[in-house]
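None of the figures in this text is laboratory data; all of them are computed from the coordinates on show. Bear in mind the structure is a predicted one, so any value in this text is a computation, not a measurement. Cβ: placed from backbone, ideal geometry, glycine included. Neighbour counts: every protein chain shown.
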């Protein structure tokens with residue numbers, strides 16, 4: 001199948017599934033509606049979309065036998081991994097509500113590389129150290145993406161409860177305590193992966209270039225993100241941080257992490273036109 005068709009197929013599947021969830025889950029009155037979990041057909045539908053998206057990402061990364069990785073591919077890969085994690089996690093935890101944020105975002109993400117093809121060639125892509133570093137970094141990014149989407153849903157739910165309104169999209173969410181426990185489980189795992197990313201990046205730089213990790217803008221924002229999430233987890237364990245405070249720290253850490261690579265590549269590739 002031509003590469004462009006994979007992108008279009010994945011986007012169409014995501015959007016059609018989002019429309020299905022809107023009609024069957026989120027439209028209409030909030031009360032007196034049973035909670036509906038993902039059915040077998042819906043899981044299969046989403047899995048096909050994830051597979052098509054994955055094949056599209058692989059084609060963008062390794063289409064000519066070399067590894068290209070710009071901001072558009074990074075966004076697409078992060079959203080793909082986040083939805084793959086969501087698909088697996090939904091077997092074990094209630095994650096209703098993420099569909100209406102994640103699916104439209106993924107449909108945009110899978111099309112981004114068509115609008116902004118990457119010319120940025122990654123050197124040393126054959127190095128096992130680099131591959132390990134890259135894989136760990138992308139897993140960390142994707143889990144933090146899922147955590148950020150989860151945090152946005154929680155913020156919307158808390159605000160609706162405080163205002164005394166209960167739209168159906170909020171009524172179908174799990175209890176806030178359950179959502180909070182899931183959020184911190186995601187953050188704990190992602191924080192370990194982010195720590196390994198920084199450590200492996202340092203080892204990778206030392207092995208290939210003979211010098212430790214350079215303190216450029218990417219490193220500074222990655223370290224800032226690490227410090228924010230470290231502070232959040234310490235606050236959670238020592239002072240019981242929760243609610244809006246924890247959610248704001250989560251989104252601040254995710255924003256810093258986005259600026260570490262995606263933001264810098266967007267400035268270079270799109271605003272400055274320096275794709276290489």
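Can you tell me which of 221-234, 248-261 comes out highest on packing, and rank the rest after it, using the mean Cβ neighbours within 10 Å?
248-261, 221-234
Residues in the stretch 124-139, backbone N under 16 Å from the label point at residue 264 (7 Å along the Cα-to-beta-carbon vector): list them, ranges by number please.
Flagged as within label range: 134, 137-138.
Just grab the label-to-label distance for residue 8 and residue 189, each label 7 Å out from Cα along the Cβ direction, in nm (one decimal).
So the two model labels end up 3.5 nm from each other.
Run the quick spin-label model on residue 121 and residue 159: label points 7 Å from Cα toward the beta carbon, then report their separation in nm to one decimal.
According to this spin-label approximation, the distance is 4.7 nm.
How much length, in nm to one decimal, is gained on full extension between residue 234 and residue 178, taken as 0.36 nm per residue of separation minus their Cα-Cα distance? Intermediate values should be presented prior to the final figure.
Values: separation 56, 0.36 × 56 = 20.16 nm, distance 2.01 nm.
Here the segment from residue 234 to residue 178 would lengthen by 18.1 nm.
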